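Any read-out appearing in this document is the output of simple, stated calculations on the displayed coordinates, not a laboratory observation. Just so it is clear, the model here is predicted, and its values are computed rather than measured. Note: ideal-geometry Cβ built from the backbone for every residue, glycine included; neighbour counts use all protein chains shown.
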Amino acid sequence: MARDLTLPTVSVLMANHNGARHLEQAVASVLEQTLASLELIVVDDGSTDDSLARLSRLAAGDPRIRLTSRPVAGGPGAARNLALSLAQGEFVAVVDSDDFIHPERLERMVQEAVDSGAHIVIDDLLIFPDGGKGRPWTLLRGDLARTPQWIELPDYIRSNALYGPVPSLGFAKPLIRRQALAQARVTYEEDLPVGEDFDLVARAMASGLTLRCTPRIGYFYRKHPQSISHRLDQPRLEAMVANAAWFSARHGSPAIASALSAREASIDAALGLDEIIQALKARRPLDAAAAAMRRPAGALLLRVPISDRIRQAWSRLRGGERAPSGAGKIVVLSRQRVVGSTNGSSTYLLSMCRALVDAGHRVSFLGPTPATFGRWPVLKLSAEMDLFDEVRIRGGLRIGRWIVAKDPRILGRALLTGVEKVLAKARIRPAGWVAPAPYAIAAPATRADQLFVARHARGAKALLCDYAFAAPLAPYALTPAAQRLVVMHDLFSSRAAQFAAVGGSDSVAALSAEAEYALLGQADVILAVQQDEAAAVAANLPNRQVVTTPMAANPARAPAPGQAPHILFVGSNTAPNVVGLKWLFDKVWPALLARRPDARLTVAGNVSRALDGAPAGVNVLGPVPDLAPLYARAAVVVSPLITGSGLKIKLVEALAAGKAVVATSVSLQGVERELAPVIRRADDPQVFADHIADLLDDDAARAALAAAGLAAARDFFGAEACYGPMLSLISESA
């Protein structure tokens, strides 16, 4: 039977009792899901704070919220049953009102259920102490933290033994097929004050529903004094005993009975521990000793509070729990290899961060993946990186200005690459047999990447995600109040057709428009580098703030007409630069030499690594420590790009250096209104060559064009014009 497409895919059930403090963050995390087809059913369970007023305001602003309330608190089970009775979705999911979830969580869990056929799906929790201090930890360990697993009922029950050695899967918040749950006639046990999710899932599994556990970290569990699930006093434990006895009487297979017996024994031990602790608090040592004799297993559990006290004492000796290094700062989350202004994207990011520091903000740089190293075992940070309070790259050891990769395989890859180049140069073996390093910027985040962010970015006042691909890392900073900004650089989904038209391939991961907007939509603010892309994003994401934030220029004091016949191209090793240079070499250069046989082109930057030779008259330098002498000498700077997106950083840089520029229409994308009058533009190879030759021939025309370009750089690309709107947004949110 086909699903009714007018109904939501997921109904999220949220019970709330006096949860006003964190309620709005919990609700926002549900409404910001990449899964659009959902409803949020919130049951206010007799709250005496202002929860209901807050919920009413939220519900008035979003029709996906369905709000109901109970005048008297009946407990989480009763509230969830009420929500369950109202649910219309194909699936139901549970989110507590003091927690929050990853934007991609529901979409991924539904996909897991569809792919596997499971009735119930659970994922990993990232548990963190409220208050900003204390190391976060995950629920799952071992094989469960590595690959998806089917969980059998005896194993599920056994995992929920109190103080047991394996992860307690009952803490996980389930996604369940609603019709399967209804057919099993399973609802929440309303008399159970704690462990209600475990009980529901266990009874559903006993009725034939299957459980799939995925290691993805999608649920953020806030541990604070008001949390119910980690408070185990005598009334709650006795309720668990009664519930276990009820379950045991109805499901008595040997495997299940054994698992239940282990769990019941753990509850009995916990009762003993509680009895001992209460006696000790009341200064009745004899009663505590008697309780320990009656329940020796409870006495053994004294190791838990004792070890906690030892940890607390040790922490006090060390000065107390330290706040994460990112607390109170703007934290940059970046997977690119930023060591200085070595390419356009790094130059842009560092320029933006310098503006933030100049405005009084403290900024930290966090590189969450060792893939940043690529095939470079050692990175040297330039003086430009001193603007950051700290620079951390996972898997790297900081020694002064050097960051050394800890993984010896990176050194091995570097050595192999060196051998490959030597053999290719000696014509012994052609290059290409060493696998290229992965494109780290677009690589999926690993658990280790996510935990690195959780440990170092928590408490940030803002998160600056370098490229859209970094946006899914922001929630792992465990600070939902932090403003999330994405530095776009490029609208990647617009590039595929361009490369197809010229028979080339992009140097970045292929990205559909749908996927790209889903990534960008995980930010509060999207910083677009040029106007055309800002307009496209705003049209597709009308509920997000989109700010045009071009790179600010550092204008020269005077134009620099340079010396004919010198021409300059500067670029990094990216597909648009490689394709553009090939077009220049193959189509433009022969036509230029026909008019100016003395023309000389210098190619600077990492793009040289992708070039297999160059025509006569072309000098390929590779990376250079200082571009200023090259700019000073060049009579003309060229930007021959025929594919690409974003703002062409080197175009703005050349104009700011006071140079005459010849460029293609692609190079002008998004800044045509400002810059078209101050450059020579051509898309036809012959016309492009003629523009260069004309400027080489005419010193006065070249000087006039250089002066006009420098004036435009000053007018349109000053720091205030470029970064003022971004700075205002961050100041408002701080």
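Summary table
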quantity	calculated
Among [x] 17, 50, 29, 3; [y] 12, 27, 23, 20, 10, 4, 2, 0; [z] 15, 41, 28, 13, 3, 0, the entry that matches P(r) over Cα pairs in 20 Å bins from 0, in percent as calculated here	[z]
Sorted by Cβ density within 10 Å, fewest first, the residues Ile428, Ile403	Ile428, Ile403
Dimensions (Å) - the range 675-726, Cα atoms, principal axes, largest first	41, 24, 12
Hits among lysines - C-alpha to C-alpha of Lys380 under 19 Å, sequence gap 8 or more where chains match	Lys406
Gyration tensor (Cα) of the range 87-236, equivalent ellipsoid semi-axes in angstrom	23, 18, 16
Descending Cα extents along the principal axes, the range 242-290, whole Å	44, 15, 12
Beta bridges per DSSP with both ends in the range 595-711, % antiparallel, nearest 5	0
Local electrostatic count at Val166 - Lys and Arg +1, Asp and Glu -1, tallied over other residues with Cβ under 9 Å	+1
Farthest positive-ward along the chain dipole, Cα basis, beta-carbon charges - from Ala445, Ala660, Pro285	Pro285
Neighbour-count ranking [beta-carbon atoms within 10 angstrom, fewest first] of Val121, Val391, Val666	Val666, Val391, Val121
Per-peptide average of other Cβ atoms within 10 Å, ordering 164-173, 686-695, 609-618 highest first	686-695, 164-173, 609-618
Dipole moment magnitude, nearest 20 debye, the chain about Cα centre, only Lys, Arg, Asp, Glu C-beta charged	2380
Distance between modelled label sites at Ala289 and Gln234, nm, 7 Å Cα→Cβ extension	2.1
The range 163-220 shape via C-alpha gyration tensor axes, a/c threshold 1.5	oblate
Förster radius 60 Å - calculated FRET efficiency between Ile428 and Leu387 (Cβ-Cβ, nearest 0.05)	0.85
Within the chain, helix-based [θ] at 222 nm, where runs of 4 or more DSSP H residues each add -39,500 (n - 2.57), nearest 500	-12000 deg cm²/dmol
Prolate/oblate/rounded call for the range 587-658, Cα gyration tensor, a/c under 1.5 rounded	rounded
Gain on full stretching of the segment that runs from Asp62 to Thr6 - 0.36 nm per residue minus C-alpha separation	18.4 nm
Cut-off under 5 Å, modelled amide H: who pairs with Thr664 long-range	Ser639, Leu641, Ala682
Cβ crowding within 10 Å averaged over residues, with 332-343, 41-52 ranked highest first	332-343, 41-52
Within the range 413-568, percent of DSSP bridges classed antiparallel, to nearest 5	0
Charge dipole of the chain about the Cα centre (unit charges at C-beta), most positive-ward option of Phe688, Ala591, Pro296	Pro296
Stretchable slack from Ala721 to Gln545, in nm (0.36 nm times residue separation minus alpha-carbon distance)	61.6 nm
Proxy reagent accessibility, fewest Cβ within 10 Å first, across Arg600, Arg284, Arg80	Arg284, Arg600, Arg80
Rounded to 5, percent antiparallel among DSSP beta bridges of the chain	20
Cα pair count fraction exceeding 24 Å, expressed as % - the range 581-701	22
P(r) histogram, all alpha-carbon pairs of the range 360-504 included - 5 Å bins from 0, percent	2, 8, 14, 16, 17, 15, 12, 8, 4, 2, 1, 0
The chain: DSSP helices with Cα axial extent of at least 30 Å and average Kyte-Doolittle hydropathy no lower than -1.0	254-281
Protection proxy ranking of 516-522, 488-494, 575-581 - average other beta-carbon atoms within 10 Å, highest first	575-581, 488-494, 516-522
